[in-house]
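Worksheet: one structure, shown below.
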Amino acid sequence: MIVIGSDHAAADLRKIVRDYLRDQEIPYIDCGTDESPSDYPDIAKEVCKRIQDGYADMGILLCGTGIGMCMAANKMKGIRAAVCTETYSAKFTRLHNDANVLCMGARVVGAGLAKEILDTFLFTEFEGGRHQRRVDMIMDLEK
Ligand code: RB5
């Protein structure tokens, strides 16, 4: 299960992401919002809570730059969020960091690139091995 959310700056991109997930038959829940203006930390919290609860495996957070969402998401326990503006980072943040939240900026990436980034993120598995220890070290910083 994927959980998605955006602020007003990325509401259109959220709809594109939603259509993409529907076409791929990937189950998702949409935490909104269609409110304008809206505050991205509220949406990040809603989305990340679903992951913390175990209801969703991964999240997609969209705002103007992706950065505010990423900052907010990474304050939540168990969340490893990454902003991606190209596919290389999307691939390696899955392979090496086991990222569980993808953040993108609607004012940064176009719809076509956003879908490629999303595709890479969703279909790349964590490599484990030596990277597991480093991910564990990141998670230890929460203590
Ligand atoms: C909203 O104007 C904008 O600040 C927000 O979408 C995001 O880019 C913050 O990081």
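Some values worked out for this structure:
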| item | result |
| --- | --- |
| The lone exception for Ile26 - which of (1) assigned to a helix (DSSP H, G or I); (2) open to solvent by less than 50 Å² (accessible area, probe 1.4 Å); (3) farther than 20 Å from Ile138 by Cβ it fails | (1) |
| Segment 66-118, residues that are closer than 22 Å to His8 by Cα and without any contact (Cβ under 8 Å) to a residue 12 or more places away in the chain | Met71, Asn74, Lys75, Gly110, Gly112 |
| Subset of segment 1-23 (residues that are under 15 Å from Met58 (Cα atoms) and open to solvent by 60 Å² or more (accessible area, probe 1.4 Å)) | Met1 |
| Residue in segment 119-142 that is within 30 Å of Ala11 (Cβ to Cβ) and either of a type in the set (Lys, Arg) or modelled with pLDDT under 95 (or both) present | no |
| Residues within segment 19-68 that are under 22 Å from Asn97 (Cα atoms), near the ligand (Cβ under 9 Å from one of its atoms) and of a type in the set (S, T, N, Q), tallied | 1 |
| Selection within segment 69-108 - within 16 Å of the ligand (Cβ to nearest atom), in contact with an Asp or Glu (Cβ under 8 Å, 6 or more places away or on another chain) and open to solvent by 10 Å² or more (accessible area, probe 1.4 Å) | Ala106 |
| Of the criteria (1) farther than 14 Å from Thr124 by Cβ; (2) part of a strand (DSSP E or B), which one Pro37 fails | (2) |
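Let's see how each residue does on (1) in a loop (DSSP other than H, G, I, E, B); (2) on the phi > 0 side of the Ramachandran plot; (3) in contact with a Lys or Arg (Cβ under 6 Å, 6 or more places away or on another chain):
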| residue | (1), (2), (3) |
| --- | --- |
| Arg18 | no, no, no |
| Arg22 | no, no, no |
| Pro41 | no, no, no |
| Cys48 | no, no, no |
| Ile51 | no, no, no |
| Tyr55 | yes, no, no |
| Thr65 | yes, no, no |
| Ala72 | no, no, no |
| Gly78 | yes, yes, no |
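The values are calculated or read from the model by the stated rules, or taken from the named source; none is laboratory data. Just so we're clear, the structure is a prediction, and the values are computed from it rather than from any experiment. Here Cβ is always computed from backbone atoms with ideal geometry, including for glycine, and neighbour counts include all displayed protein chains. Heads up: the accessible areas ignore ligands, DNA and RNA and are worked out on the full protein's heavy atoms, side chains in. Shrake-Rupley method; radii C 1.70, N 1.55, O 1.52, S 1.80 Å.
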